[in-house]
Every structure is written in C-alpha cells, then in structure tokens.
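The values are calculated or read from the model by the stated rules, or taken from the named source; none is laboratory data. If you're wondering where the values come from, they're calculated on a predicted model, not measured in any experiment. All Cβ positions, glycine included, derive from the backbone under ideal geometry; neighbour counts span all protein chains shown. Note: areas computed on protein heavy atoms with side chains; ligands, DNA, RNA excluded. Shrake-Rupley method; radii C 1.70, N 1.55, O 1.52, S 1.80 Å.
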Amino acid sequence: MNETLVGQGVSRPLRGTIRNSAQTQRTGLAWPARILLISLFLPWTWHLGSVAVPPYRLVLVIMVLPCLFRWITGRAGPIRAADVTVLLYCFWCAVSLIVNHGFEGSITQAGTQFVETAGAYFVARCFIRNADDFREAIRLLFIIVMILFPIAISEAVTNRNLLLEALSTFLPIPPIAENEMRWGLRRVQAVLEHPILFGVVCGSIMAMVHLTLGYGEKAGKRWLRTGLVAATAFLSLSAGPITALAAQGLLLLWNWVLRRYEHRWWLLGTGLSTLWILISITANRSVPNIFLTNFSFDVDSAYHRILIWTFGSQSALNHPFFGVGFNRWDRPSWMPNSIDMFWLVHAVQYGIPAAILMLLIFLLPVVTIGLSKSRDDKLVQYRTGYMITMYSFFLVGWTVHFWNATYVLFIFLLAAGLWILDVPQMGTQSTAVAPRTKRKSDQRDGSPVADHTKVERNRRIHPYQIRRTNVVSAKLRSHEQLCIGTALALLKDLKEART
C-alpha cells in the first residue's frame, strides 16, 4: 500500500512495506509441512528389520535435524520455554528406556519417540510462521477430511473397509479393526488404526475450520464446512471423539452468544471450576467417574477406563522416576495391557517427570496464547479456534491414547499456534490502533467479516503529514477566534442600538 504525501502528490511506500512484501512472496503451505500432513493419512507401513517405517515417520526422520538447525539459528522465531521442554521430554524418555531396557534395547524406541515428538513439533515451529501458513494447514486438513467423508459413509453402511481391503492386495497396511456395530452402522476406521483415532483426527479441526478457514466468509458456507467435519468424525461412533465434538460445538456457541462480552472465557472458566468443586463436595463419586460412566456408549468400557486410572496411577507411584518402560505395568492379571488415557501413559511408561514435562509442553503454549491480547479481529478468531481445538484434545486425552499418526498430528497442531505469540500484542505497539467500524454484515456468527479495503491500522504517520496537520489546525483556530470576535462585536452593537 502506498501513502501519498499531502501537498506534494508524491507516492511513497510505507515503512516496512518492502520487508512485509518480501515475507509474503511465498504463497501456500511450505512443502515440508504439506508433505507431513498428507503422509499422516497414508496407511501403509514398511519394515526395516524390526523397525516400522510409515510414511510420516520417514518424513520426520528427514526433516528433524534441518528443522532443529533452523530453530537454533533463529529462523523459527524466538526460542520459547515449550521448545526446550520438548527436548527435555525426549531426553527423559530416552533415559527411562535405557534404565528399563538397557542401551541396546532402547535405541529404536528412544529414536522413534524423539523423531515423532521433536520432529512434528519443530516442523510446525519452522514452517507455520504466520496466519496464512496456519490457514493453509487447516485448509489442507479439511480437504483430506472431505476426501475421507464418502469413504467413511461407505464403510459405515457396508460394514467393510473397502479402501484398506483394496490397498492390502499390494501394500503393507495396518490390520483392519474388528469392531461391533452401533446403531446399525460400522464404526469407521478408514485409514487409521482404530475408529477412536479416526474420530479424534477428523474432529480435531472442527473449531479451526469454523473460525480460521471460515473467517470472512458467509455464515452458510462456514456452517456447512463445520457440519461436514462433525459428520465425518461422528461416524467413528466413539464416545470420546463425539464428546470432544460436542464440547467444541458448545464452546463455539458460547463464543458467538457472548461475542460482545470481553471476559466471556474468564466467566466460563470460573463457572466450570465452581461446578467442579460443588460436584466434588456433594457427589459420592469423583467428577471423572461421573463423566466416564454417563458419557459412554458402553458401560463396560467406561468401567475399564476407571480401572485404568486406578491401577495406572498406582503403577506410576510405584515407579515414580523412570516408569516401567515397555515392561508389564502393575495391574491385575486379567486386565488388558492397553492404557486408553494419553495423559496417564507417560507417567506409567517413562515416570512422573515425563508426565509433568508432557503437561508443560501442552500448557505452556496454550496458556501463553490464551492470555495474549490483540485488537485484530482475524487474529482473535484464529486464536479462539486454536484454543478450542487444544481444549478438545485435552478433554479426549483422558479417555483415548494418541499414538502413531494421531500423536504426530496432536504435537504438530499444538506447535502450529505459536506464531500467534510472535505477533505484536496489544499495548506493545508504537502507534494507536484505530477502532473498527462495525457493519451490519459483521458478527452474524461470532466472527467479523474481514475488511481488506481498510488502510493498515498500525502504520506510522509520515512527519510531513504531522506538520501539515498542525498548520491546518492553527489556521482553523485562528478562523474560529475571528468568528467569535465578530459575533461579540455584533452583539455589542445591537445592545447599544437598543439603548
């Protein structure tokens, strides 16, 4: 955008325009992030000896060291506490595995944990650097989910995973899950390892599709996209993902209804905390127990998760520092080995320090981004979509374990929002932000329509314009004083004439 100097008719670029245009020359999502997101949905797996190498893991092996180099050299923005916490988590997991399995027996697992955690995290940190990158990543995920939608309908209705059956004839694929029918439909697995993971992956982008991909678009188009994502994830017919969908929907509704109230999220947090305390005091069961038993399709499955928490937490206390690795964790002999609880499995396998570090990896970005302030409508909507997505991951993580591609997607999306912290926050800008004029087309569904014709808000006013404005203001004051003097003289003459 050019700025014309008053009185000279000279067109001159604003400060920072050349720099900003250079930054925005690249259009579309960077190829490492694009390839990684696509590879998460490729179902085949190669084996190098005893090591499984799915496509996404191969991409991460190639990209992890270059991304770490970009991060260290400052090309991924400032180093943040969450970045260091990711590396500490990977280090602690490696130490835990060495303690439990020896050096030779832990190399493969420690390397896999490092590649999937640090690799996914730093790919997002390096290549999701602004709002356009973030939007393009969500757009790509939405396209993938829409490709899976008819495949999911076919699997749910025919009770056959036709895609995996066809691919299995010439590619090594994961086993097709044997699951029971619910409501006369098959629980959709599609290209992932389990129907629960299909629901988590597809449903995780619902809020961001609505608030990020739908920003500035008509309400009908936004809600159609949101509904298609919800319908795709719903076909997993799993209580955990459906609960996460419901939570996202309610939070989107809350955001829209109270869109004019600045402290709506503090109000919600206070209300939920108060409700939790009241239930804990008055009920004869814990809040998680009530949640699991009342929001589940299968009572036996809910009871099994309660047992997982009971015996899993005790196993973590029995082995507090380094966990049990991949050895048998402390539980009754009749109880299965799986731990369907993401936030607990780290404490059981790698020790309580690893669980604390994973919680910090999650909380440090979420809390800092949630507390950031901005007057930019677009940034606020993008941030809200990110926060709702992370809340849904946190909620469903108490009933589901994220592994393989689902885990990589979770870590990628978690790091993909850190660019928000690199945007100058409210109160740190050198110039005032002009208030936005509301229009009738705004705020129809909780998000203002983008106004691309408005002049940049945060630009600096040229010194010549300031001097010109001061001259004009002085002339206006002199004219005002002349008019007042003339009016007073007329009043005096009228008074004398009357007397």
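In this entry, ALA190 is excluded by the filter for residues that are small (Gly, Ala, Ser) and open to solvent by 10 Å² or more (accessible area, probe 1.4 Å). Do we have any residue at all in region 346-363 that's at pLDDT 95 or above, over 30 Å from GLY216 (Cβ atoms) and not in a helix (DSSP H, G or I)? Taking every residue of region 346-363 in turn, at least one turns out to be at pLDDT 95 or above, over 30 Å from GLY216 (Cβ atoms) and not in a helix (DSSP H, G or I). Only one of the numbered conditions (1) surrounded by fewer than 19 Cβ atoms within 10 Å (Cβ to Cβ); (2) within 21 Å of ILE205 (Cα to Cα); (3) basic (Lys, Arg); (4) at pLDDT below 95 is violated by ARG139, and that is (4).
When VAL367 is tested against (1) without any contact (Cβ under 8 Å) to a residue 60 or more places away in the chain; (2) within 23 Å of THR85 (Cβ to Cβ); (3) surrounded by 14 or more Cβ atoms within 10 Å (Cβ to Cβ), just one condition goes unmet, and that condition is (3). Based on this model, can you work out whether ARG375 counts as out of contact with any Ser or Thr (no Cβ under 8 Å at 6 or more places or on another chain), without any contact (Cβ under 8 Å) to a residue 24 or more places away in the chain and not in a helix (DSSP H, G or I)? No; evaluated as a whole, the condition is false for this residue.
On the given criteria, is ALA230 more than 20 Å from ARG139 (Cα to Cα) and either surrounded by fewer than 24 Cβ atoms within 10 Å (Cβ to Cβ) or touching a helix residue (DSSP H, G or I) at 6+ places or on another chain (Cβ under 6 Å) (or both)? No; evaluated as a whole, the condition is false for this residue.
Each residue in region 121-135 was checked for being closer than 18 Å to ILE79 by Cβ, among the hydrophobic types (A, V, I, L, M, F, W, C) and open to solvent by less than 20 Å² (accessible area, probe 1.4 Å), and 5 of them qualify. Might you let me know whether region 79-98 holds any residue that is assigned to a loop (DSSP other than H, G, I, E, B) and open to solvent by less than 30 Å² (accessible area, probe 1.4 Å)? No, region 79-98 has no match at all.
When the residues of region 256-293 are filtered to those that are in a loop (DSSP other than H, G, I, E, B) and small (Gly, Ala, Ser), which remaining residue is surrounded by the most Cβ atoms within 10 Å (Cβ to Cβ)? Among residues in region 256-293 that are in a loop (DSSP other than H, G, I, E, B) and small (Gly, Ala, Ser), the one surrounded by the most Cβ atoms within 10 Å (Cβ to Cβ) is SER286. Take ILE281 and decide whether it is among the aliphatic types (A, V, I, L, M), more than 30 Å from LEU185 (Cβ to Cβ) and without any contact (Cβ under 8 Å) to a residue 12 or more places away in the chain. Yes. Considered as a group, the residues in region 275-320 that are among the charged types (D, E, K, R) and more than 30 Å from VAL99 (Cα to Cα) include one that is modelled with the lowest pLDDT, and that residue is ASP298. Tell me, please, whether a residue that is under 17 Å from ALA244 (Cβ atoms) and either charged (D, E, K, R) or exposed (fewer than 12 other Cβ atoms within 10 Å of the Cβ) (or both) can be found in region 316-337. No - not one qualifying residue is present in region 316-337. Considering region 121-230, the qualifying helices (runs of 4 or more DSSP H), each wholly inside and each with 2 or more residues that are under 22 Å from the mean Cα position of the chain (by Cα), run over 131-158, 195-203. How about region 214-253: which of its residues are under 11 Å from VAL200 (Cα atoms) and either among the aromatic types (Phe, Trp, Tyr) or without any contact (Cβ under 8 Å) to a residue 12 or more places away in the chain (or both)? Within region 214-253, PHE234 is the sole residue that qualifies. The single condition among (1) open to solvent by 80 Å² or more (accessible area, probe 1.4 Å); (2) at pLDDT below 75; (3) not hydrophobic (A, V, I, L, M, F, W, C) that THR17 does not satisfy is (1).
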